[in-house]
Amino acid sequence: MTNSHGIAGKNAREMAQQRYKKVAIYAALLFLIAILIFSNLNNFAKLGLPAAIFLAVVIKLIADGIEKKGLHVKKRAKDADRGAHAEEVVAEGLMNLPDGYHAFHDISFDGFNIDHVVVGSGGIFLVETKSHSGKVDAKGDTLLLNDKQPLKNFLNQTWSQTYQLREFLKKQTSREWNVKPILCFTRAFVSVRAPVKGISVVNKKYLTTYLLQQQKILNPEDIETITKILQSWISKQDNPA
């Protein structure tokens with residue numbers, strides 16, 4: 001069984017909770033506006049028709065703006081929840097790797113977050129998880145989701161994290177390490193059969209199979225070195241000074 005480190009989806013869950021709190025604040029504001037309106041109906045009537053109409057329009061515009069912001073934040077909260085669940089699903093699947101493999105989850109760095117890092121005899125793998133549904137295909141170096149380019153460039157995001165992880169490991173060891181990027185979809189059908197822009201694109205069911213198919217390139221000493229570095233980093237982020 002895989003040695004697992006960190007809590008998958010932790011940051012995304014916390015982000016979702018923060019966004020749901022904002023939704024609650026927006027809902028409370030709308031409720032407060034409704035109370036103020038109904039408790040001051042007589043006062044509004046005394047203003048006269050033109051002034052009352054003007055005030056009603058202003059209140060409606062304010063309420064509509066608050067509702068729009070609340071719905072937007074609610075959607076982002078649901079997206080974060082779905083993303084967290086996807087990370088948890090991938091982490092569960094990685095538990096099926098044999099002894100000798102290590103899986104690190106939800107690693108935070110300055111300005112970015114890595115969903116998963118897998119270390120084993122087959123190498124060092126960065127796994128970026130996506131919860132999007134539909135069909136994933138590719139045309140040359142362009143990734144397609146439901147026959148369209150995603151709004152966010154998943155490939156650039158994955159490579160950016162891969163480069164930064166390489167730099168981090170180099171600073172820790174004064175040695176170059178080959179980190180292999182993987183883009184994993186938990187709810188989409190992946191028809192990609194070759195790397196896209198150097199990134200392996202897989203679905204959750206094929207991820208562990210793919211990892212086990214890789215040629216052995218790391219010896220036990222290398223695995224221990226990388227594992228200790230990542231364990232120490234996760235420990236620092238969980239217990240900041």
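Quick rundown of the values:
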| quantity | calculated |
| --- | --- |
| Normalised contact order of the chain, rounded percent, pairs of Cα under 8 Å and 6 or more residues apart | 22 percent |
| Dipole of segment 1-128 [Lys/Arg +1, Asp/Glu -1 at C-beta], most positive-end residue of Ile33, Gly9, Val119 | Ile33 |
| DSSP-defined antiparallel bridges as percent of all bridges, segment 65-184, nearest 5 | 75 percent |
| Cα-projected label distance for Gln17 with Arg187, points at 7 Å along beta-carbon direction, nm | 2.2 nm |
| Rg to Rh, two decimals, where segment 171-241 supplies the alpha carbon set and Rh follows Kirkwood | 1.06 |
| Among 127-136, 200-209, 42-51, the order from most to least packed when residues are scored by Cβ within 10 Å on average | 127-136, 200-209, 42-51 |
| By average C-beta atoms within 10 angstrom, highest first, the peptides 172-179, 159-166 | 159-166, 172-179 |
| Largest-first principal axis extents, alpha carbons of segment 98-238, Å | 43, 32, 25 |
| Shape box of segment 10-85 [Cα atoms, principal axes, largest first, Å] | 55, 18, 11 |
| DSSP-defined antiparallel bridges as percent of all bridges, the chain, nearest 5 | 50 percent |
| Other-chain or far-sequence residues with amide H under 5 Å of Lys180's (modelled H) | Ile124, Phe125, Leu126 |
| Calculated over the chain: convex hull of Cα atoms, volume per residue (Å³) | 164 Å³ |
| Taking segment 98-238 and dividing mean pair separation by its residue count, relative contact order in percent (alpha carbons under 8 Å, at least six apart) | 27 percent |
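All of the numbers you see were taken from the coordinates with simple rules; none came from a lab. This one's a predicted model, so the numbers in the text were calculated from it and none came from an experiment. In this analysis, Cβ positions are derived from the backbone assuming ideal geometry, glycine residues included, and neighbour counts consider all displayed protein chains.
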